[in-house]
Structures are given as structure tokens and as C-alpha cells.
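For reference, the structure is listed below as C-alpha cells.
The values are calculated or read from the model by the stated rules, or taken from the named source; none is laboratory data. What you see is a predicted model, and the numbers here were worked out from it, not measured in a lab. For the accessible areas, the whole protein counts, side chains as well, though only heavy atoms, and no ligand, DNA or RNA atoms are used. Shrake-Rupley method; radii C 1.70, N 1.55, O 1.52, S 1.80 Å.
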Amino acid sequence: MTQPNHVVCTACGAINRLSTGQDATSGKCGKCGTALFTGEPADMSATKLERQIAKSDIPVLVDVWAPWCGPCRVMSPQFAAAAAKAEPAMRFLKLNSDEAPELSTRLAIRGIPTMLLFEGGKEVARVSGAMSSSDILKWVEGARGK
Ligand code: ZN
């Protein structure tokens, strides 16, 4: 872990470079001053999400959901709890599929909730259905170990 980590601001999309040993939890965006990590999943537009996926050095976990989806509402606090535990080693993001139909189609989302894990700009794993926070973290660990 000697490489600098590029982290994309969830507010303005600026790419921030974290130096080794820097405490990312207290880091602020060099452009807009927003905290780089809040311990809470950030809602993304399609454009912002694609930038996060393409430019982040850390793994990006995306919860694809919709307001009318019951299981999505069940999972939402679980996803947030997982974010509180796993940030800043990972980025937790949410995509409302109703507001991003084109990207949802491109990502081949067939059911929600669906979680997508990206590393180095590429999808490495996905899973559908509501999960508990501990199961989410276990799944990520397993998916990254492959
Ligand atoms: Zn910013």
C-alpha cells in the first residue's frame, strides 16, 4: 500500500490524491472542501457515478435501488451500516435506477436491489437481493479475494 490513492469527491467530482499514511476519514476535497468520506453512502447521478467508477483507486460498491422497491428500503440502513464500517477503504454509493434508466440498462440491471462492486474501473462482482450489513461486508471480502 505505497501507491497514492485517488479518491473522487462525491460532491464536485474532483479527483483528490491521498498521500500514504494520511487519515482519509478527516480528508477534505481540495476543490470544494466537502469531506471525502462521511461514513454514509452517497447518492449519485449517472454521470457522477461513472466518474467515481472510472477514477477511483479504491473499490467502489454501488447499491442500485428505487424508491418503490420494498427490499431496497429494507437494505438501505444495512448498506449504510456497512459503509460506516468499511469507509474509507472503499467507496459506498447509491444509484436510483428510476433516475438513471440508461445507465441501469447499460449495467444490465435486471432486479433491485443489486449491488455492483467495481475495482480499477471494472465490475468485479454483483449480487441481487437485500442483505444484512455483515453479509454485505462478507460478500465484498469474498468477491475481492477472487
Ligand atoms: Zn469536491
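At 1.4 Å probe radius, can you tell me the per residue accessible area of the chain in Å²? Before the final figure, lay out the partial values.
On the way: 7570 Å² over 146 residues.
I get 52 Å² per residue for the chain.
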*Per the helix-only calculation at 222 nm, which mean residue ellipticity applies to the chain, given -39500 (n - 2.57) for every DSSP H run of n ≥ 4 and division by its residues, nearest 500 deg cm²/dmol?*
-9500 deg cm²/dmol
*Treating cross-link reach as a plain straight distance, find the lysines whose alpha-carbon is under 18 Å from the alpha-carbon of LYS85, omitting any fewer than eight places away in the same chain.*
LYS94, LYS138
